[in-house]
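**Q** I'd like to ask some things about the structure below.
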Amino acid sequence: MEYRINKGAGRPIEFKGLKSQYLFIFAGGLVSVFLVVVILYMAGVSQWVCLTFGAFSGSLTIWMTFRLNARYGEHGLMKALAEKSHPRYLTAVSYTHVRAHETKPINPQEEKEEMRSVLKIAELESRFPILAVENNCIVSKDGDITVAYEVELPELYTVTSAEYEAMHGTWVKAIKVLPAFSVVYKQDWFTRESYSAEGDVAESFLSRSYAGHFNERPYLRHRCFLYLTKTTRERTRRRSDFSTLCRGYILPKEITDWDAVVKFLEAVEQFERIMNDSGHVRMKRLRTEELVGTEDAPGLFEKYLALEMEDRPPVLQDICLDPERMRVGDKHLCLHVLSDTEDLPASVATDRRYERLSTDRSDCMLSFAAPVGLLLSCNHIYSQYVFIDDAQEILQQMEKTSRNMLSLSRYSRSNAVNHEWTEMFLDEAHTQGLLPVRCHCNVLAWADDGEELRRIKNDTGSQLALMGCVPRHNTVDTPVLYWSGIPGNAGDFPAEESFHTFLEQAVCLFASETNYRSSPSPFGIRMADRRSGVPVHLDISDLPMRKGIITNRNKFILGPSGSGKSFFTNHLVRNYYEQGAHVLLVDTGNSYQALCRLINDRTDGEDGIYITYEEDNPIAFNPFYTDSGQFDVEKRESIKTLILTLWKREDEAPKRSEEV
């Protein structure tokens, strides 16, 4: 299902090309010049001097305002000032400790530059925005309450279009139960790791060879986390210059409102119940030790600050907060954002056709955001934010802005266009009962060297273009957006980096699939992941029976000549035999003779017995032989059927006396 993107809702008023803060600078500057001229005139200064000063100062104000507007853009000036307020480096240890252990000589110019930047260094602990984790809830230093979940999504290439629409509807229904001034932050980690064959059963030669073939094979691991945050009205309106990187912490009065916290936690429980009851998505609430870590395993905070998803304890390294060259240790970061409706396509959808695996008779469907998910083969985090504000307040503000745009439409064509877009947005909200929200998505990727980083930038831009989006490489807000991505710190997100839309459109930007998962059943076969080729344990017999998906264990292998039917059956039979299954094969093409010979040699002739017809040694058996010498009903019936078959022709029915 497709949803149209409204391109003009939430746009600021424009006057002669000036937007946002530049309108205040323009008006305030002219008013200030006028007041100064009046004061000078009243103080007895010559009229011509006052007029000359007013004309020059007014012209300079107008020129500077338009110059700043052209140079920095709508929010660029504010962001440039905010950048100067936050530290340049965050260190895990003190700077003096590092300098005391340096032994290499330092160039005087480098020493000067280094000492100049000392004042821009801060310790990570002093800026860390989280206050505590209590009762499995994250409490920030600004009083935000966050509940964290790990989300289990459906497997790649296994979801139909109808199921994608059902998942979309479930997300929308669940988000609507959250109170106003809540933040839904979905964080998808995609990290490159190497497959480890440790723990595989390697009893036979083929098992050892199989494990060795796939050992150390790289693949993209996916883990999805969801953070539900309750913040305040004031926090949702703060911009980059109010980030916790730039200021201290002010405890809001809402932190003492225990009733609001209780209502939020009740809504979170409803959210979890709706998602788990859908049958498509499963959520597991993260415990305190999973967030803060233990002595043996790192927590989610450490993993994010080190950009490491492995379970071994990470080493916290210094963070360089230079927006154009941000680094976390040796990892170089690049950020692509979707923070403006102009960067989005004309419409978004719950799913789209994946041409590579589709045919003229079948469709392979993926989610709309799949290109920046598993299809982007590099280390990256895909972040999706949905900000739930007071819907009535937002609509009233848009109505007021729409009237102002209409009155100023003759001064700027964009005011007239945005007025029409805003009216369409208001009509849809009132007639269809849609929930207005703010949304933001970004892709944070990293690499260990500059050459790989350039390749990753190109790959990320290409994948965003496949979605129909305009790739926008952000070189200004990388530190602030990275900082707001810390679990529990979504309330610190800068408001100017989000755009207004409806909830249905925002959910279409969610990544909705994950890797293939191994079956929890101990019985099964080893298959390979379609994209990475790493082994996946799959039970196609017992587990589907227990779940009620199938009613029998029969299997039918269909394919043209040379497609691998016999090869797969050899693999299936070997896996089943090594797990203790009794296998009887009727082989018409000697496809399984080699496997039987291998098993026969390994078991000293006890198993792997292969019986085949030869002229000198025809197949013969004694139908009257039994191990115990007893003839039960089934044995007697089989002997009777054999005798009748040998006695009578195919078209000759036996008499009743003969049957007896």
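**Q** I need every pair where a residue in segment 274-290 that is closer than 25 Å to Val159 by Cβ has its Cβ under 6 Å from the Cβ of a residue that is outside any strand (DSSP E or B) and among the β-branched types (Val, Ile, Thr), sequence separation at least 6 or different chains.
**A** Here the result reads Met275/Val281; Ser278/Thr170, each pair linking segment 274-290 to a residue that is outside any strand (DSSP E or B) and among the β-branched types (Val, Ile, Thr).
**Q** Pull out all pairs, ordered by first then second residue, where Cβ-Cβ is under 7 Å, the residues are six or more apart or on different chains, the first lies in segment 633-648 and is over 12 Å from Pro623 (Cβ atoms), and the second is of a type outside the set (Phe, Trp, Tyr).
**A** As it stands, the answer is Leu644/Pro654; Lys648/Pro654, since those pairs meet every condition given.
**Q** Something else: Quick check on segment 29-48: of everything there that is surrounded by 14 or more Cβ atoms within 10 Å (Cβ to Cβ) and out of contact with any Cys (no Cβ under 6 Å at 6 or more places or on another chain), which residue is farthest from Gly58 (Cα to Cα)?
**A** Val36
**Q** Determine which single condition Leu585 fails, assuming it passes every other condition in (1) assigned to a helix (DSSP H, G or I); (2) farther than 19 Å from Ser519 by Cβ; (3) not polar (S, T, N, Q).
**A** (1)
**Q** Here is a follow-up. Is it the case that segment 258-269 has a residue that's modelled with pLDDT under 90 and not aliphatic (A, V, I, L, M)? Steps first, please.
**A** The initial filter retains those residues of segment 258-269 that are modelled with pLDDT under 90, namely 258-262.
Those still in the list that are not aliphatic (A, V, I, L, M) too: 258-259.
Within segment 258-269, one or more residues are modelled with pLDDT under 90 and not aliphatic (A, V, I, L, M).
Every residue, every condition in (1) within 49 Å of the chain's Cα centre (by Cα); (2) open to solvent by less than 60 Å² (accessible area, probe 1.4 Å); (3) farther than 28 Å from Ser367 by Cβ; (4) modelled with pLDDT under 85, yes or no:
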| residue | (1), (2), (3), (4) |
| --- | --- |
| Tyr3 | yes, yes, no, no |
| Ala9 | yes, yes, no, yes |
| Gly17 | yes, yes, yes, yes |
| Leu23 | yes, yes, yes, yes |
| Ala27 | yes, yes, yes, yes |
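**Q** While we're here: Go through (1) closer than 22 Å to Phe190 by Cβ; (2) surrounded by fewer than 20 Cβ atoms within 10 Å (Cβ to Cβ) one by one and return the number of the condition Asp322 breaks.
**A** (1)
**Q** (1) modelled with pLDDT of 80 or more; (2) over 28 Å from Val573 (Cβ atoms); (3) open to solvent by 70 Å² or more (accessible area, probe 1.4 Å): which one isn't true of Leu642, the others all being true?
**A** (3)
**Q** Still on this structure, I have one more. Do the conditions hold for Glu234, that is, is it surrounded by fewer than 17 Cβ atoms within 10 Å (Cβ to Cβ), at pLDDT 90 or above and among the acidic types (Asp, Glu)?
**A** Against the criterion (surrounded by fewer than 17 Cβ atoms within 10 Å (Cβ to Cβ), at pLDDT 90 or above and among the acidic types (Asp, Glu)), Glu234 does not qualify.
**Q** Another question, if that's okay. When the residues of segment 276-291 are filtered to those that are open to solvent by less than 90 Å² (accessible area, probe 1.4 Å) and in contact with a Leu (Cβ under 9 Å, 6 or more places away or on another chain), which remaining residue is farthest from Leu226 (Cα to Cα)?
**A** Within segment 276-291, the first condition is being open to solvent by less than 90 Å² (accessible area, probe 1.4 Å), and the residues that meet it are 276, 278-281, 283, 285-286, 288-291.
Keeping just the survivors that are in contact with a Leu (Cβ under 9 Å, 6 or more places away or on another chain) gives 280-281, 283, 286, 290-291.
Details: His280: 16, Val281: 12, Met283: 9, Leu286: 10, Glu290: 14, Leu291: 13 Å.
Here the answer is His280.
**Q** Name, by its number, the condition in (1) surrounded by 11 or more Cβ atoms within 10 Å (Cβ to Cβ); (2) more than 30 Å from Arg352 (Cα to Cα); (3) among the polar types (S, T, N, Q) that does not hold for Ser563.
**A** For Ser563, the exception is condition (2).
**Q** Scan Val476, Val480, Val470, Val437 and give me the residue that is over 15 Å from Ser383 (Cα atoms) and surrounded by 23 or more Cβ atoms within 10 Å (Cβ to Cβ).
**A** On the way: Val476 fails: surrounded by 23 or more Cβ atoms within 10 Å (Cβ to Cβ); Val480 fails: over 15 Å from Ser383 (Cα atoms); Val470 fails: surrounded by 23 or more Cβ atoms within 10 Å (Cβ to Cβ).
Residue meeting the stated conditions: Val437.
**Q** Take segment 324-355 and flag every residue that is out of contact with any Asp or Glu (no Cβ under 9 Å at 6 or more places or on another chain) and within 24 Å of Glu193 (Cβ to Cβ).
**A** Met326, Leu333, Cys334, His336
**Q** Could you give every pair whose Cβ atoms fall below 7 Å, whose first residue belongs to segment 361-378 and is of a type in the set (Gly, Ala, Ser), and whose second residue is surrounded by 16 or more Cβ atoms within 10 Å (Cβ to Cβ) and in a helix (DSSP H, G or I), counting only separations of at least 6 or pairs across chains?
**A** Every condition considered, the pairs that remain are Ser367/Tyr164.
**Q** Is there a residue in segment 150-164 that is assigned to a helix (DSSP H, G or I), without any contact (Cβ under 8 Å) to a residue 40 or more places away in the chain and farther than 20 Å from Cys224 by Cα?
**A** Within segment 150-164 (the criterion being assigned to a helix (DSSP H, G or I), without any contact (Cβ under 8 Å) to a residue 40 or more places away in the chain and farther than 20 Å from Cys224 by Cα), the answer is yes, since at least one residue qualifies.
**Q** Same structure again: Restricting to segment 352-369, give me the number of residues that are loosely packed, with under 15 Cβ neighbours inside 10 Å and in contact with a Cys (Cβ under 9 Å, 6 or more places away or on another chain).
**A** The qualifying residues number 5.
Here's the yes/no breakdown for (1) more than 27 Å from Met467 (Cβ to Cβ); (2) part of a strand (DSSP E or B); (3) open to solvent by less than 30 Å² (accessible area, probe 1.4 Å):
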| site | (1), (2), (3) |
| --- | --- |
| Pro371 | no, no, yes |
| Ser377 | no, no, no |
| Ser383 | no, yes, yes |
| Gln392 | yes, no, no |
| Leu406 | yes, no, no |
| Ser409 | yes, no, no |
| Ser414 | no, no, no |
| Glu420 | no, no, no |
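**Q** Continuing with this model, one more query. Name the single residue, out of those in segment 499-509 being within 24 Å of Leu153 (Cβ to Cβ) and surrounded by fewer than 24 Cβ atoms within 10 Å (Cβ to Cβ), that is farthest from the chain's Cα centre (by Cα).
**A** Among those residues, the one meeting the criterion is Phe502.
**Q** Another question, if that's okay. What pairs can you find where one residue is in segment 51-66 and touching a residue at least 12 places away in the same chain (Cβ under 8 Å), the other is loosely packed, with under 15 Cβ neighbours inside 10 Å and of a type in the set (A, V, I, L, M), and their Cβ atoms are less than 9 Å apart, with a gap of 6+ or different chains?
**A** Phe53/Val36; Phe53/Val45; Gly54/Val36; Ser57/Val36
**Q** Which of the helices (runs of 4 or more DSSP H) contained wholly in segment 424-540 include at least 1 residues that are without any contact (Cβ under 8 Å) to a residue 60 or more places away in the chain?
**A** The qualifying helices (runs of 4 or more DSSP H) are 450-466.
**Q** Let me ask something else. Would you check if Asp448 is under 18 Å from Gln505 (Cβ atoms) and either open to solvent by 20 Å² or more (accessible area, probe 1.4 Å) or among the aliphatic types (A, V, I, L, M) (or both)? If you could, list the steps in order and put the result at the bottom.
**A** Working: under 18 Å from Gln505 (Cβ atoms): no; either open to solvent by 20 Å² or more (accessible area, probe 1.4 Å) or among the aliphatic types (A, V, I, L, M) (or both): yes.
Here the answer is no, as Asp448 does not meet what is asked.
The values are calculated or read from the model by the stated rules, or taken from the named source; none is laboratory data. Remember, it's a predicted structure, so these values are computed and weren't measured experimentally. Cβ sites come from the backbone with ideal geometry, for glycine too, and all protein chains shown count toward neighbours. Areas reflect the complete protein model, heavy atoms only, side chains present, ligands, DNA and RNA absent. Shrake-Rupley method; radii C 1.70, N 1.55, O 1.52, S 1.80 Å.
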